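Some notes on the structure that comes next.
The values are calculated or read from the model by the stated rules, or taken from the named source; none is laboratory data. Keep in mind the model is a prediction, meaning the values are calculated, not measured. Cβ coordinates were reconstructed from backbone atoms using ideal geometry, including for glycine residues, and neighbour counts include every protein chain displayed. Calculation scope for accessible area: heavy atoms of the full protein, side chains included, ligands and nucleic acids excluded. Shrake-Rupley method; radii C 1.70, N 1.55, O 1.52, S 1.80 Å.
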Amino acid sequence: SDNSDKSSAESDSETEVEQVSVYHKLLATLKTSPESESEEEEDESESEEAGESETELDSEGSQEPEEAGGGEEDKNGVPDQEEAKGTAEQAPGQEQADGADTSCDPSHGAVEEFTDVKHEAEFSLETNFMEEESGDCNADKRQSNSSRAFSEDPFKQHMDKELEEKEVEKMSTLSKTSSQVKWPRLGQLTFSSTLEKHTTLKPDKEFDVKQLYLHKPLESTWPKVNKQFLSSANKPSDPSFTPLQRELFCIMNAYKDLFYPERNALTNGEEIRNAYCLHALNHVLKANAQVLSNNAKRRDQKPGTDSDDYRDQGLTRPKVLMIVPFRECALRIVHVFISLLEVNDKRKIDVSNKKRFKGEFGSDPEEKPPNLKRPEDYEAVFAGNIDDHFRIGVAILQKSMRLYAPFYSSDIIIASPLGMRTIIGTEGEKKRDFDFLSSIEMLIIDQADIYLMQNWEHVLHLMKHINLLPLDSHGVDFSRVRMLNLNNWSKYYRQTLLFSALQDPQINCIFNKHCFNYTGQVAVRNVPLSGSISRVVVQLPHVFRRIETENLTSVIDTRFQFFIDKVLPEYRDAIMSHTLIYVPSYFDYVRLRNYFKKEELNFTHICEYTKKAGVCRARRFFLKGDKQFLLLTERFHFYKRYTIKGIRNLIFYELPTYSHFYSEICNMMKATDNGVDAAWTCTVLYSKYDAQKLAAVVGIDRTAQMLQSKKNVHLFVTGEN
């Protein structure tokens, strides 16, 4: 308890450091600051004479949580991402990276970053034996009595497979061969592999938990933990998995890479989280049990006996890396781990630093402002603590869990992309470390679509530094290190599980270019039959204008030139007032804003870095018609979901990343009390490289027709179809 109190006190001081950090001007924290409230009050006092509709608008704005960026927009037209990137690169020198949390005291030196001598003996794999964990011991004895069962264990099959140099050369040079198959629940799957002898999985219609080779405690705890997602329709022979979980776990348990782009925070998000937590914990418990068992064998062996049979470790201890967007996600993962390890109420596991963890990763329900009306998907994504700068190490043994474990003593690392970026650092920095990523055997990236709204560069930076040879030995016993790690073949054994809410070229690139699992990859490739345009409830003509471009690199410049030459002149007339221009990319937004200033057009603008007072002024000017154009970024809409009133003309500078944003923006027109419906317009710019986004908006059939035809496409939505 003394340690918990001490940790809690340290966390309080760390929080104070975080509050004055420059990060909080840019990160996605939805807490209202006193400064923003005072500015909002000033803005409201200026607009008291604006009328009833404006008062309603401002009151809505005054209740909003603070925007994702929090900082004021750069008035010189320089993208604020550059400042954010520079700040992120400087962060490791300002923080103690203790393997637990990014909010650290800079007074701690680099030597203390990844060491914890006080608790090392208790959680060390090298100094403990299987006898101390009776459950593990019995499980090991059962497995040793049945060599067949032991050899059929997917974990053993995957990790004990010895690749040949010819096979490694094939995987690094040859292209992958693929095949497609349809599963009942997941739908259309694409299996791909470089090795010639790759097998296509078949979904198990039903299976028993005992057939999955789960570690002993998980067999009994999993049905209880997963009970909330099960329905009475589940078959008696398969009472512990939902149909989705059964097919996902079938792929996971075969140790194939998986890309599932249909994760939904409202419907299946939590049952997917349960499934990959079960798989990750099962992997860690088996790996640790193998080490502890071999410790006992080495202790009892005769002197001079060859010990090469006990290669059971990597170059560093961390085995599983879980990338999640917010602290709330890490909190839920740890809760699932604890539930899976607790067999019953009488056998509670010992969780160290639990009090500190709840304080730093939990949230206060009273902090949320009342009477906020937001879409259900928004409430689900931004529930709880949404700080996106964190990392924490977790060490697990059969009867105990250690939170805030140093990275080099951790089995699992849970972190955000920003949390990883600030510890990995950049070339030339003194305080940077990524050796702990050298032996990662399982990489889980959940809610990958959200990182597109944060900073995708952090994800790419992480992928470049995973499974590299460490620069230091970190006290490893090389006689226990697997040959695959010594040969620098770790990336060919790493399993990557990628979950997203959408198909996106950047996410596809991660899966196609950075996943080298020798067992192959499985990607869910379902095409949308009907797009989000069917959810538009206002009568509105949609004009899709195609941009002809020679290659992908020239799309950005071609789109800008097409917009200022072909589209913008049609809206310069005063009759075409109340025009909202929706811009997904911040850099396109900066380019358009600078052009509008240069041309002295009557416009206002809102981005994720605009302060609340500026947001309310811009919305009011646009509603009254004082400003003809409003530039709006996609990230602002993602983090805020304000209803923009007064829209009569709508321009999508590029198709939105989230398809449902299209219908949301279009349906904002119904919030306008005046205006003639027939005068409303909607124009969308697209190119042949936007096929995935286009299909999500208009459906796959229309997309095929639009990509074949080079003419503009006119669609009219009546609100009924």
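The table below lists the values:
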item	result
The listed residue being farther than 30 Å from P528 by Cβ and either among the aromatic types (F, W, Y) or surrounded by 23 or more Cβ atoms within 10 Å (Cβ to Cβ) (or both), out of Y658, Y586, Y609	Y609
Within the stretch 633-655, tally of residues that are under 17 Å from I564 (Cα atoms) and either open to solvent by 10 Å² or more (accessible area, probe 1.4 Å) or outside any loop (DSSP other than H, G, I, E, B) (or both)	5
Meets criteria (at pLDDT below 95 and open to solvent by less than 10 Å² (accessible area, probe 1.4 Å)) for H474	no
Among (1) outside the structural domain of Q705 (by the TED database); (2) touching a Cys at 6+ places or on another chain (Cβ under 7 Å) - the single one Y492 does not satisfy	(2)
Single residue of I606, I510, I547 found to be of a type outside the set (K, R), under 30 Å from Q157 (Cβ atoms) and within 33 Å of the chain's Cα centre (by Cα)	I510
Per-region count, the stretch 563-582, residues over 36 Å from the mean Cα position of the chain (by Cα) and either open to solvent by 60 Å² or more (accessible area, probe 1.4 Å) or of a type in the set (S, T, N, Q) (or both)	9
Set T558, T549: member being hydroxyl-bearing (S, T, Y) and either at pLDDT below 90 or not in a helix (DSSP H, G or I) (or both)	T549
Enumeration of residues in the stretch 543-562 that are of a type in the set (D, E, K, R), open to solvent by 60 Å² or more (accessible area, probe 1.4 Å) and touching a residue at least 24 places away in the same chain (Cβ under 8 Å)	E548
Long-range neighbours under 6 Å by Cβ, at least six apart or interchain, first residue touching a residue at least 40 places away in the same chain (Cβ under 8 Å) within the stretch 346-365, second of a type in the set (D, E, K, R) and open to solvent by 20 Å² or more (accessible area, probe 1.4 Å)	I349/E342; I349/K399
From the options M442, M463, M420, residue that is touching a strand residue (DSSP E or B) at 6+ places or on another chain (Cβ under 7 Å), open to solvent by less than 20 Å² (accessible area, probe 1.4 Å), within 21 Å of L258 (Cα to Cα) and among the aliphatic types (A, V, I, L, M)	M442
Selection count where residues are buried (at least 23 other Cβ atoms within 10 Å of the Cβ) and either small (G, A, S) or modelled with pLDDT of 95 or more (or both), scope the stretch 294-314	1
Candidate set from the stretch 360-375 (those that are open to solvent by 90 Å² or more (accessible area, probe 1.4 Å) and in a helix (DSSP H, G or I)); member that is modelled with the highest pLDDT	P365
Within the stretch 430-441, tally of residues that are in contact with a helix residue (DSSP H, G or I) (Cβ under 6 Å, 6 or more places away or on another chain) and under 15 Å from I414 (Cβ atoms)	1
Hits in the stretch 390-403 - residues which are assigned to a loop (DSSP other than H, G, I, E, B) and modelled with pLDDT under 95	Q398, K399
Check on A574, touching a Phe, Trp or Tyr at 6+ places or on another chain (Cβ under 7 Å) and of a type outside the set (S, T, Y)	no
Looking only at the stretch 406-418, and only at residues there that are modelled with pLDDT of 95 or more and among the hydrophobic types (A, V, I, L, M, F, W, C), the one that is farthest from I444 (Cα to Cα)	L418
Residues satisfying the stated conditions in the stretch 394-430, i.e. among the β-branched types (V, I, T) and over 24 Å from G359 (Cβ atoms)	I424, T426
Selected residue [among the aliphatic types (A, V, I, L, M) and either assigned to a loop (DSSP other than H, G, I, E, B) or at pLDDT below 95 (or both)] from I575, I581	I575
All positions within the stretch 619-629 that are surrounded by fewer than 22 Cβ atoms within 10 Å (Cβ to Cβ) and out of contact with any helix residue (DSSP H, G or I) (no Cβ under 9 Å at 6 or more places or on another chain)	F621, G625
